[in-house]
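What follows is one structure encoded as C-alpha cells, with my remarks underneath.
The values are calculated or read from the model by the stated rules, or taken from the named source; none is laboratory data. The model shown is predicted, which means the values in this text are computed figures rather than measured ones. Here the Cβ positions follow ideal geometry from the backbone for every residue, glycine too, while neighbour counts run over all protein chains shown. Heads up: the accessible areas ignore ligands, DNA and RNA and are worked out on the full protein's heavy atoms, side chains in. Shrake-Rupley method; radii C 1.70, N 1.55, O 1.52, S 1.80 Å.
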Amino acid sequence: MSRTDSSERRRLDWPLLGIVAVLLGIGVMVVYSATKGEAGHHWQKQILFAGMSLVAMTAMYLIPPRYFYAGAYPLYIASLFPLLYIILFKANSVERWIALPGGFNLQPSEFAKVALLLAMARLLSFQPVSLSQPKTLLAPAILFIVPFALVLKEPNLSTALSFVAMTGMMLFFSGLSVRDLFFLVSPVLSVVLTFNHTAWAVMFLVLIAVMWWTRTHLRTMVSLILVNIAAGYAAIFVWNKVLYAHQRDRILTFMDPLRDPQGAGYQVLQSKVALGSGKLLGKGYLHGTQTNLSFLPEEHTDFIFSVLGEQFGFLGCITVLALYLFLLHRILRIAADTRSRFTALMAVGLTGILSFHVLVNISMTVGVMPVTGLPLPFMSYGGSFLISCFIMLGIVLNFRSHGEYL
Amino acid sequence: MAAPRSNLLDDSHYRASAARWLLLFVSLMAALLALRLFYLQIIKGSYHEMLSAQNSLRLQVVKAARGMIYDRHGVVIARNRPSYQIALLPTELKNRQEILEKLLRFRDSTGHSIFDSEVVAWSLERSRWRKFQPLVIFEDAPFEVASLIEEHQTDLPGVVTLLESRRTYPFGAAAGHTLGYMDEVREGEIEDSKTRAAVDGSTPYQRGDRIGRKGLERKYENYFRGKDGIRYVKVNAFGKEMEAVSDMPHLRPEAGKSIRTTLDMGLQCYAESLLSDSLKGALVALDPRNGEILVMASSPRMDGNIFSLNRDRRARAWAKLALDPSLPLNNRSISGSYEPGSTFKGIVSIAALQSGKIRAENHMSRACNGGYAFGNRVWKCWDPRGHGFLDLVGAFTQSCDVYYYQAGLVLGMDRINRVAREFGLGRKTGIDLDDERSGLLVDSASYAERFGQRGWNWSRGLILNLSIGQGEIATPLQLANYAAGLANGKVLYRPHLMREMRSVEGSVEMQVKPEILNVIRMTPQEHAIILQAMEQVVISPNGTAGRARVPGVRVGGKTGSAENPQGDKTHALFICAAPLDNPTIAVAVVLENAGHGGSFAAPIAGALLRRFFGHEPHG
C-alpha cells in the first residue's frame, strides 16, 4: 500500500465516514419498517441515538491524543469497578447495566471494551510478543483475562467473545503467527472438545501435525500437549464433580440457546423464513409480511438483518455485506498507513470488534450460529453499542489525524 | 522501552501485509455467509416464500415421558397411560354454528349426545378471543370418540384430537397417600417456575401441564418430569400436523427418572385389607436395619387415579374426598398426631435403667392397688384390680401405670425426654415426603411456651400423665421408627421411601444409602432387658398383646390405649419388631377410637407379621 502524504492524513477520512452514514441510514430505514405501527417511537429514538453518537465521536476526535495514551491504563483500571459492581450487586438480576442520573444506563461491558482496546494497544505498542519467549505474553494475558473473566461472569458470553476477537487480531498484528494463536487458543478448545472424544482426538492430531510441520521446539511441544490434556481432564472433572446439575444446565443453555424450547429456536425459524422469502430482490421496502405481522421477535435489534433481507432480498444483503467489508478495509488502511504503532493497533482492535459483531450477528440470522443477542454495528436499534462504536471510531480517526508520532 | 523485536510494527510493508491478511480472513468469512444467503434466498427462496405466505409452521412441545414408580421388587405402582383430548383450534375454525351442529349430532349407543352442548357452545364462543391455544371440549375421551373425530376430520375443520399422557396407578388406592397424585398446574405455579427457570435453567411449566401433588409425586416432581422437547411441524389447512420440519433445530424430550421405592406392594395391599375403610388410622412397617419403609398405609384411603379422570368425574370424586369428615386426604402415617399412650413406657423404662436410680429387679416403693394417690387426687391404673408389686419387666408386660407414675416422678421429664429424642420422637424424621409433623415432647419449658398463655402452669402432677404417654404427640411413622430403634438397640436410621433412581434406560443414577439419624446409647445389658420385656408383652399369659404372636418367630412389642378428646373409646396403638434376635421388621399400628391396643391394634400387626414371615396365605 502506498504511503499517503501527511496533508491527506490530517484530513478526516471522508469515505469511511460516508460508509458509516450510509449504514446508519439503512439501519434507521429498516428499524422504521420493522416497528411501523408499534408503540415506542423506535426510529425517532434511533435518530436521537445516532445524533448522540456523532456528538460523542466528535468529542473523541477533539481530545488531544496524548490524553488517551496517558489515560489508557487508569481508564482500564477504572473500567473494572463497574463490572465488579454488576457481579457483586446484580448477581440475580438479568440487568447488566448501571442506571445513571438523567435516564441513561451505563453498560460496564461496553466501557470495558473501549478501555481494554486502549490499554492493549498501549501495551502491545512497546512490547513485542512471541511464543518462543512466553514471558512476553504474560502482561497481555493478564490485561486480557481480568475484564474477560468479569464480563463472562456477568454473564455476557457474546461480549466476552468479542474481546477474544479483538485481542486475537491485535496479537496477530503485533507479530504472533496464526500457528501461535492456534497454540494459545488450543487449551480453550480442549476444554470444549474434551466432551467429544473424536473431536478432541482430531484436534490433537491437527495440533501435533502443525507442531511437526513447523518444527516446534520440543519443550514447547511437550508442555503444550500436557497443558491441553490437563485442561481437557480438568474440564471434565469440574463438569462432573464441582458443578451442580442446574449450573451445568445453565452453561448448556448459554452455549446453545436452542435448548430453550420457546425462545431462540422460534426466532431462528422465523428469521430464516423471513430472509429466504425475500428471494433475489426482496418484497420491497415496507412490504415484508413476516416482520409486519410481528412473527419475528426482536426484529429491530438482533434480527434487523432478517428484516433487511426480506424487503431487499439477496442483493440488498450482499450490498450491506460489501459495505461492511469496505468499512473494514478503510479502518485497516489506517493501520497500514500510520507511523504510530499505537494507532495501528487501535485500528486493528476496532476491526476485530466490528468484524466479530457483523459476522456473528449475520450467522445467527441465517441459522448457523447460536442466538447470542449480539447487535449489528450501526444498524441495530439501540444506543449503548452504537455510541461505543462511534467512540472507538472517533478515537481511531483522532489518532489517524493527530497521533502520528505518539 | 524498545525491546529487541519491536521494529516489526514500524515496518510499513509488514503492516500492509498483515492488514491484507486480516481483510482477506474477514472477506472469506463474509463470502461463506453470502453462500448461505444464496442457499436460503435463491435456492430455497420459493420454499421459504411459501412458508411465509401460509405461516404454516408451528412450534410444538413434545412432552417428556414421566418417570415411573416401582416397589422394592420392581412391580410398577405408577405409570402413564394415553389420554385423548378433543379440542378446538381457534385459528382454524370456519363456520362455528355448523361445527356445533355437526358435533352435537354424534350420539353414543344409548342415544345420548357424546358432546356436552353447553361445553361446546361455550368453547366456540371463547375461541373468538382465546386465539392461540387449543380449547378442550372433551377431556380424556374414550378411544372410540377419538377415532370418530379422526374419521370426520375433513368435515370438521378446527376440531382435532390431542394425545396426552396421564398418570395411572395400577393398584388403585393402595399406597395412595404415599404416592400422591397428579393435577393440572396452577397459574401461580407457572409463574414461579418461570422465575426459577431464569435462575437455574429448568424448564418452566406450561398451561395444561400436570404437576405432582402430595406424596412421592410431589417430592420427586423435578426428577419424574424430565425435560420437554420441541420440534417444528408443518400444518395443513385443517390445522392437522403433517410433518416435522427437518432442517429446523429440534430438541428431543428427555424422559423423566424412575424411582424404585422401598415399599413392598404385596405387604402394602395386605396391610390395607386389614385396615377397613371404616376405621381411621395408620400402619407403618419399616426395616430396622436401614430405615426402608416397607408399608405405609393410612385409612380411609385415597385413590390418586381420580385426578386423571375428566373434569366432571374428577370434580365429583374430589368433592366427596374433600368434604368427608374422616379426612381421607390426610396421610395419617406422617401427619396424624397421636398420643403415644403406653407405648411410651419403653422410653421411660430405658431412662429408668440408665438413671441408676431404679434397678430392673426391684419394685417401686408403693404397690399398685388400682391407683396412685398423689397430691389431692388419685391417678388410676388402667386395671382397677391393681397389679401389686412388680419389677420393671413385669410392669412393662402388664403395662402397670402406677409403676410408671412413680418412675416418672423419680426420673423427671428432662431425663425421659432425652431418651425420647434419641429414639426420634419430638422432631421430624426427615422422611422423603412433605407434610410430615414433628410431634411433641413436653417438659416444663415447652409446656409453659405452649400453654402459658392460657394460664396453665406446670406442676409435678403432669409428670404422672406424661410418663404413661398421655400428653406427648407422635406420628405413626415416629412410633414405627421408635420400635425399630428399640429392636436394633444401636442406631436409629432415617426412614425413607426412595431406594434408587433410574434413568429411562434403566441405569441406576442414584442409590439411597441408609442414613443414621441418632446413635442410641444403650448397654447390651439394658438392651437385653428391654427385649425381654417386649417379648413378655407378646408371650406372657399376663401380657397385653398375645394376639401378635407369630409361630417360630420371636416378636416383641408394646400396646397402648391412649385417652383422647375425640371420642369415648381410646385410640388403639401397638408397636412391635421381629425377630428380636435379628430384627428385620418394625411395625406401628394406630387406630383412632377403636379401644384397647391389645385387642384391636395388636391383631392387625400380628397378621401382618405372620404374612411377612410366610405364615399367612398370600392374596
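Which cross-chain or sequence-distant (5 or more) residues have an amide H under 5 Å from the amide H of residue B:389, H modelled 1.01 Å from N in plane?
Answer set, sorted by chain and number: B:368.
At a Förster radius of 35 Å, what calculated FRET efficiency corresponds to the Cβ-Cβ distance of residue B:327 and residue B:196, to the nearest 0.05?
About 0.65, to the nearest 0.05.
Filter the chymotrypsin sites (Phe, Trp or Tyr not before Pro) in the range A:328-406 down to the DSSP loop ones having no more than 12 other Cβ atoms within 10 Å, then list what survives.
Sites meeting the loop and neighbour criteria: A:405.
List, by residue number, every residue in the range A:344-390 with a reduction of 50 Å² or greater in accessible area between the chain on its own and the complete protein assembly, 1.4 Å probe.
A:359, A:366
Quantify, in whole percent, the carbon and sulfur part of the accessible surface of the range B:530-619 (1.4 Å probe; protein heavy atoms only).
Taking all protein chains in place, the range B:530-619 shows 49 percent carbon and sulfur surface.
Leaving out ligands, DNA and RNA, and with a 1.4 Å probe, what % of the accessible surface on chain A is carbon or sulfur?
About 71 percent, which is the carbon plus sulfur part of the accessible surface.
Would you kindly derive the ³J(HN,Hα) couplings of the range A:320-334 from the backbone phi angles with the Karplus curve 6.51 cos²θ - 1.76 cosθ + 1.60 (θ = phi - 60°), listing them in order in whole Hz, with x for Gly and Pro?
In residue order, the calculated couplings are 5, 4, 5, 4, 5, 5, 5, 4, 5, 4, 5, 5, 5, 5, 4 Hz.
Give me the one-decimal nm value for the distance between modelled label points at residue B:435 and residue B:273, 7 Å along each residue's Cα-to-Cβ direction.
Result: 2.7 nm between the two label points.
In sequence order, what are the phi-derived ³J(HN,Hα) couplings for the range B:24-35 according to the Karplus relation 6.51 cos²θ - 1.76 cosθ + 1.60 with θ = phi - 60°, rounded to whole Hz, with x for glycine and proline?
4, 4, 5, 5, 4, 4, 4, 5, 4, 4, 4, 4
Can you list residues from other chains, or at least 5 along the same chain, whose modelled amide H is less than 5 Å from the amide H of residue B:168?
Sorted by chain and number, the residues that satisfy this are B:79, B:80, B:81.
Place a point 7 Å from the Cα of residue B:143 along the Cα-to-Cβ direction; which residues of the range B:298-319 have their backbone N under 19 Å from it?
Label zone hits: B:309-310.
Near residue B:257, which lysines are there with a Cα under 26 Å away, not counting those fewer than 8 places off in the same chain?
Result set, ordered by chain and number: A:241, B:63, B:194, B:214, B:219, B:227, B:513.
Does the range B:38-122 classify as rounded, prolate or oblate by the C-alpha gyration tensor (a ≥ b ≥ c root eigenvalues; a/c under 1.5 gives rounded; else a/b over b/c gives prolate, otherwise oblate)?
Oblate shape, in that a/c is at least 1.5 and b/c is the bigger or equal ratio.
For the residue pair residue B:507 and residue B:318, what label-to-label distance in nm results when each label sits 7 Å from Cα along the Cα-to-beta-carbon direction?
Roughly 4.0 nm, to one decimal.
In whole Å, what is the distance between the alpha-carbon centres of the range A:141-188 and the range B:64-126?
After rounding, the separation between the Cα centres reads 56 Å.
Counting only heavy atoms of the protein chains, get the accessible area per residue of the range B:284-370 (1.4 Å probe) and round it to a whole Å² value.
39
When the accessible area of each residue in the range A:109-138 is compared between its chain alone and the complete protein assembly (1.4 Å probe; ligands, DNA and RNA ignored), which residues differ by at least 30 Å², being lower in the assembly?
By number: A:126, A:128.
Can you tell me the dipole magnitude for the protein assembly as shown around its Cα centre, using point charges on the Cβ only (Lys, Arg +1; Asp, Glu -1), in Debye to the nearest 20?
Roughly 1780 debye, rounded to the nearest 20.
Show me, for the range B:369-381, the HN-Hα J-couplings you get by feeding each phi into the Karplus relation (A = 6.51, B = -1.76, C = 1.60, θ = phi - 60°), rounded to Hz, glycine and proline as x.
10, x, x, 9, 7, 9, x, 10, 9, 10, 8, 7, 8
Using 1/(1 + (r/R0)^6) with R0 = 25 angstrom and r between the beta carbons of residue B:376 and residue B:454, what's the FRET efficiency to the nearest 0.05?
0.70
At a probe of 1.4 Å, how much accessible area disappears from chains B and A on forming the pair, both sides counted, to the nearest 100 Å²?
5100
Do any trypsin sites (Lys or Arg not before Pro) in the range B:97-129 lie in a DSSP loop with no more than 16 other beta carbon atoms within 10 Å, and if so, which?
For trypsin sites (Lys or Arg not before Pro) across the range B:97-129 that sit outside H, G, I, E and B with at most 16 neighbouring Cβ atoms in 10 Å, the list reads B:128.
Evaluate E = 1/(1 + (r/R0)^6) for residue B:369 and residue B:542, where r is the Cβ-Cβ distance and R0 equals 25 Å; express this FRET efficiency to the nearest 0.05.
Once rounded, the FRET efficiency stands at 0.90.
Please compute the average number of Cβ atoms from other chains found within 10 Å of each residue's Cβ in peptide A:331-340.
That average works out to 5.
Taking amide H atoms as placed 1.01 Å from N in the peptide plane, list the residues 5 or more away in sequence, or in a different chain, whose amide H sits under 5 Å from that of residue B:440.
Distant-sequence amide H within range of residue B:440: B:426, B:473, B:474.
Charges on Cβ only, +1 for Lys and Arg, -1 for Asp and Glu, centred on the Cα centroid of the protein assembly as shown; of B:333, B:24, B:484, which one is farthest towards the dipole's positive end?
Farthest towards the positive end: B:24.
Of the accessible area of the range B:20-117, with the probe set at 1.4 angstrom, what percent is carbon plus sulfur?
61
Loop only by DSSP, 12 or fewer other Cβ within 10 Å of the Cβ. Give me the chymotrypsin sites (Phe, Trp or Tyr not before Pro) in the range A:205-245 that pass, ordered by residue number.
Passing sites in the range A:205-245 are A:244.
Relative contact order for chain B: what percent, with Cα pairs under 8 Å and sequence separation of 6 or more?
Value for chain B: 13 percent.
What number comes out for accessible area per residue over chain A if the probe is 1.4 Å? Units Å², please.
43
Starting from the 7 Å offset along Cα-to-Cβ, what nm value, one decimal, do you get for the label separation of residue B:301 and residue B:151?
Placing both labels 7 Å beyond Cα along the Cβ direction yields 3.8 nm.
Under 17 Å from a point placed 7 Å out from the Cα of residue B:38 along the Cα-to-Cβ direction: which residues of the range A:313-327 have their backbone N that close?
Hits in the range A:313-327 for residue B:38 at 17 Å: A:313-322.
State the Cα centre-to-centre distance between the range A:25-66 and the range A:340-369 in whole Å.
The range A:25-66 and the range A:340-369 have Cα centres spaced 20 Å from each other.
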